[in-house]
Amino acid sequence: MVLEKVNAVLKITREDPTVNFTVDLVTDEVLNYCNLKTIPQKLENVIAMMCIDTLKQSGISSSSGEDAGNVKSIKEGDTTIQYVSSTEMVLERVKNPSFMFNYTAQLNRFRKLRS
């Protein structure tokens, strides 16, 4: 259900492995943070927004689904330009400690303490 919402908002019409990966990754992060086994229906929109934010910052925000041309490194001698893949950018975004910060108020409502 989250995948369909993300695809609809970003107007992605074909299956995109990076979008699938992002939805799975963010869902796992939320499940771990909240100590849940399944996603409650009320939490799906929060996860969808987290995925959309991650994908937009990673350069996938349109139906093209192509990398936005983010440069990883440039070497001048014999000219080498290395680009960052969208998957690498998604991973970097999710590893960032502030990733969940914008959503903690919403996530904390669903968070359960470990027993």
* Structure fact -> Of the residues in region 90-115 that are over 16 Å from Asp53 (Cα atoms) and in a helix (DSSP H, G or I), the one that is modelled with the highest pLDDT is Asn108
* Structure fact -> Of (1) surrounded by fewer than 18 Cβ atoms within 10 Å (Cβ to Cβ); (2) at pLDDT below 85, Gly65 fails just (1)
* To do: Filter region 12-62 for residues that are surrounded by fewer than 19 Cβ atoms within 10 Å (Cβ to Cβ) and assigned to a loop (DSSP other than H, G, I, E, B) and give the result.
  => Thr13, Arg14, Glu15, Asn35, Leu36, Lys37, Thr38, Ile39, Pro40, Ser61, Ser62
* So, of the residues in region 1-11 that are buried (at least 19 other Cβ atoms within 10 Å of the Cβ) and among the β-branched types (Val, Ile, Thr), which turns out to be farthest from Pro40 (Cα to Cα)? -> Val6
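The values are calculated or read from the model by the stated rules, or taken from the named source; none is laboratory data. Everything numeric in this text was worked out from a predicted model, so none of it was measured. A quick note on method: Cβ atoms are made from the backbone with ideal geometry, for glycine too, and the neighbour counts reach across all protein chains shown.
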